Structures are given as structure tokens and as C-alpha cells.
Amino acid sequence: MPLIGASMMVLVGIIASQQVLSALATVQENRLREVTRLHVEALAFALGPSVLRRDIWEIFDTLDRAHATAGQRMVLTVVADEAGRVLAASDPRRAPVDSELGPLISDGQVLEEVSLIGSDRHVRIVEKLVFQGRPVGQILTELNVEDLVLERRKALALLLIGNTLVTGALAFGGYLAMRRMLKPLATLSAHMSATEGRPVAIPAERIPAGDTELARLFQTYNAMAASSIAKVEAERRLAERERFVSLGRLSSSLAHEINNPLGGLLNATDTILAYADRADVVRDAASLLDRGLRHLRDVTRVTLEQNRLDRDGAALTREDFDDLKILFTPETARRAQRLDWPDIPARNLELWEAATVRQIVLNLLLNAAAAAGEAGTVGFDVRVEDRLMHLVISDDGPGLPLSAKTRILSDDPLPPGGGMGLRLVRDLARGAGGHVEYRRMQALSHIHVTLPCKGGSPC
């Protein structure tokens with residue numbers, strides 16, 4: 001904006017100079033026309049009778065006296081008859097008697113339209129010689145306009161120097177003034193562009209004093225920054241709460257998954273203690289004890305793996321989906337639900353990050369189980385096509401309510417009630433460059449998550 005203001009001042013200076021030069025040219029041309037008209041009319045009055053009688057010597061004598069009176073202004077005057085034959089000239093060498101006037105009038109101008117042409121020092125005017133109301137010949141006069149040309153050059157030089165100095169001073173002053181006026185806006189812009197995802201409030205000492213528009217703008221920005229920070233913090237706390245809620249839901253299912261094998265393990269140990277002398281009974285009990293302990297080990301490993309904090313960036317494997325099935329199966333068993341689980345493809349899974357996929361699938365499976373209700377059906381499918389991974393979670397529940405659709409499909413503020421699981425799925429998918437779609441077909445709800453390869457790797 002300061003540069004635009006300075007440029008506008010320079011443009012105004014140029015236009016003003018053009019107007020002054022144009023006005024000067026108009027004044028000079030009017031003076032030239034006036035001088036030329038007086039000259040031609042005086043010659044016409046003096047030469048009319050001589051031209052009518054074709055008195056050559058009288059014409060020469062009149063031209064000599066006219067040149068002596070006009071001084072250096074008159075360079076050449078030629079008098080011709082109506083046929084364009086020269087009768088006399090103030091310089092017979094340039095226009096001999098009885099020669100053609102045509103070559104001399106090729107660059108001649110009409111009196112009413114005479115003007116200064118560039119830097120030419122001479123100007124030629126061709127007019128009819130009229131005596132007693134009728135044309136009797138032609139007059140060509142060449143005038144010296146060097147003084148007018150020099151006057152124009154001098155005015156141009158003074159305008160250039162004066163306008164350059166004045167325009168430069170005004171432009172520089174305007175630039176500094178606008179810079180100072182816009183400095184608070186530059187401060188605001190710097191704070192807004194340097195947020196890096198977290199707005200920073202403007203220090204109080206940098207807010208303009210008084211109740212000005214800029215001061216109110218800064219205070220509004222600080223209020224928005226504080227509100228945004230509070231919102232981010234609230235969402236973080238809600239996400240943490242949602243994580244703990246999900247863990248709680250899984251814990252109840254895992255408790256059943258662990259408690260049942262524990263009963264069998266205790267029975268096995270009692271059998272071993274009671275029949276220590278029977279090798280076949282001890283072997284069978286030890287085998288049962290081994291299977292139960294291995295199952296508990298798998299459940300514990302998967303639970304720990306899901307909650308590790310150092311999984312960011314780890315490549316996805318087929319075992320990640322097996323872990324999710326182990327984690328989620330107790331939830332469906334507790335609700336007496338049917339779980340449709342596909343054969344997981346083993347190729348190219350390493351092109352996606354494990355943490356993102358696991359978190360998305362687990363959140364959607366838990367929501368699908370809650371929506372399907374007792375004895376419902378939960379489905380899961382995964383496929384890799386054309387550099388994209390497609391994750392589809394379905395359930396036969398009543399469908400997503402409007403508040404849940406807002407969480408997973410839009411950027412609108414979260415409605416009250418509910419958790420952050422679906423919004424977390426949307427944010428994770430978007431952060432990975434993917435998107436989420438929802439469809440309701442044949443009494444089934446389908447949530448379709450599409451994720452591209454990480455880093456644009458070819459799939």
C-alpha cells in the first residue's frame with residue numbers, strides 16, 4: 001500500500017507536467033498564429049495591387065521592406081500567382097522567379113492549424129493572397145520559431161527538475177506516513193502468519209493506545225486467540241477422555257476374556273497337585289495350562305501394543321489387524337454380536353502408518369458395536385486399490401444421528417453430548433490426506449475411510 005500511494009503521487013506529477021506542457025504549447029501556437037495572421041494580412045494588403053498588376057519589382061521592394069521590419073523572425077517569403085508560379089521571393093536563390101511553388105509547400109501548414117513540430121526551428125505557412133475580396137495569388141512565409149522552441153525546452157527542463165523534486169519528496173513522505181499508519185496491521189499480520197497452528201496473543205505494550213479501531217482490532221484478535229487456545233485445550237482433554245472411555249469399554253470385555261482362562265488354569269493347577277503321580281493327567285493339565293497362558297500372553301501383548309506411545313511412524317502389518325481382532329472380539333462376545341472379519345491382504349500394507357490405521361479402525365469398531373446393540377452384526381472390510389487403502393466398517397443399527405454425522409463428516413462446532421471418537425477419526429483421516437464417507441444401504445450403515453499411501457509412495 002505505501003508503494004501504491006507513492007506510485008499514485010508520481011503518476012499525478014507526470015499528469016500535471018503533461019497538462020502544463022500542453023497548456024504552454026497551446027499558448028505558443030496561439031501566439032504564432034496571431035503573429036502569422038498579422039504578417040500575412042499586412043503583406044496581402046501591401047502586395048495586392050502589385051500582384052494584380054504583376055509588378056515584380058514593386059513586389060520585391062515590398063518584401064525587402066517587410067523583412068527589414070520583421071527582423072530575424074521572417075526567414076523567407078514567397079509570392080506566387082494563382083497558378084503557383086513564383087512572382088518574387090525575399091531569397092531569390094531558394095525560390096527563383098517563375099519557378100514552381102509546389103516543392104516549397106510540401107511541408108507547409110494552413111494558418112488556422114499551424115503548430116510547432118518537435119524541435120524544428122522553422123515553420124512554413126501557405127495562405128491565399130486575397131485582394132478586394134478575391135484571390136489573386138499565394139503567399140508562402142517561413143518563420144523562425146527558435147525562441148518558442150527554446151522556451152518550451154526551458155519550461156520542460158524546469159518542470160522535470162521541479163516536479164521530480166516535489167513528487168519525490170511527497171512520494172517519500174507519503175510512503176513513510178502510510179508505513180507508519182500500517183505498522184500495526186503489519187504487526188497483526190506477522191502474529192497471524194507466525195501462529196504455526198497455535199495463535200499467539202499480541203503483547204499489551206504493542207497494542208495502540210486509546211479506543212481506536214486498531215486497538216479494538218488487536219483486542220478482538222487477542223480474544224480470538226485466547227478462545228482458540230481454550231478450544232484446542234478442551235478438544236485435547238476431550239480426546240484424552242475419549243481414549244480412557246474406549247480403554248474402559250475394552251477393559252470390561254478383556255476382564256471376561258482373562259477371567260475365563262484363569263478359571264481353567266486354576267483347575268489345571270489343582271489337577272496337577274491332586275494327581276502329581278499320574279503322568280498322563282499331569283501332561284493333559286500342563287497342555288491346558290500352556291494354552292491358557294499363551295492366550296493371556298496374546299491378550300496382554302495386544303493391549304500393551306495398542307497403548308504404546310512410540311508407534312508413530314511404524315509401518316502397518318497384517319499382525320496389526322490380528323491385534324485389533326483380538327482386542328475387539330471380547331466386545332462382540334459380551335454383546336452376543338456377530339463379527340464379519342475378512343481375510344487381510346498381506347501385500348503393500350507397510351505403505352501406511354500402523355498407529356493411524358489402528359486408531360481409526362478401533363474407534364469405528366467400538367462405535368459400530370454400540371450402534372448395533374445386543375445380538376447385532378458388525379462388519380469390517382479392508383482392501384488396497386490404486387494407491388489407496390479402503391476401510392469399511394458397517395453395522396445393522398438404526399444409523400448415525402445428526403450429531404454423529406457432524407462429528408465425522410463436517411468442520412462444524414461439536415454439538416453438546418457425546419465424545420470425540422468420531423471427530424478423532426475425521427481428524428486422523430484428514431491428517432493422512434484421506435477422507436470419510438457415510439452411506440445407509442439395505443438397513444446397514446457403512447462408514448468408508450479412504451487413506452492414500454504415506455509420502456506419495458507407489459502402491
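Under 20 Å of direct C-alpha separation, and excluding same-chain neighbours fewer than eight residues apart, Lys405 reaches no lysines at all. With K and R counted +1 and D and E -1, the other residues having a Cβ less than 15 Å from that of Asn144 yield a net charge of 0. Projecting the Cα positions of Leu52, Val86, Val75 onto the charge dipole of the stretch 22-109 (unit charges on Cβ atoms of Lys, Arg, Asp and Glu, taken about the Cα centre) puts Val75 furthest along the positive direction.
In plain terms, the residue of Val20, Val425 with the fewest other Cβ atoms within 10 Å comes first and the most crowded comes last, giving Val20, Val425. Shape class for the stretch 308-456: oblate, because the ratio a/c of the largest to smallest gyration tensor axis (alpha-carbon atoms, square roots of eigenvalues) is 1.5 or more and b/c is at least a/b. Cross-linked pairs Lys183/Lys454; Lys154/Lys183; Lys128/Lys154; Lys231/Lys454: Cα-Cα separations exceed 32 Å for Lys183/Lys454; Lys154/Lys183; Lys128/Lys154. Within the stretch 102-201, the GluC sites (Glu not before Pro) that combine a DSSP coil assignment with at most 12 other C-beta atoms in a 10 angstrom radius are Glu196.
As a proxy for reagent exposure, Trp57, Trp352 were ordered by neighbouring Cβ count within 10 angstrom, fewest first; the result is Trp57, Trp352. Amide H to amide H, with H built 1.01 Å from N, Ala432 comes under 5 Å of no residue 5 or more places away or on another chain.
Multiply the residue gap between Ala370 and Lys128 by 0.36 nm, knock off their C-alpha separation, and tell me the result in nm, one decimal place. If you can, show how the numbers build up before the last one.
On the way: separation 242, 0.36 × 242 = 87.12 nm, distance 11.00 nm.
Extending this stretch completely gives an extra 76.1 nm.
Remark: Arg423, Arg31 ranked as Arg31, Arg423, counting other beta-carbon atoms within 10 Å and listing the fewest first.
The charge dipole of the stretch 2-156, taken about its Cα centre with unit charges on the Cβ atoms of Lys, Arg (+1), Asp and Glu (-1) only, comes to about 300 debye.
The numbers here are math on the coordinates, done by the rules we state, and not lab data. Computed from a predicted structure; not experimentally measured. Because the Cβ atoms are built from the backbone with ideal geometry, glycine has one as well, and the counts that use them run over all protein chains shown.
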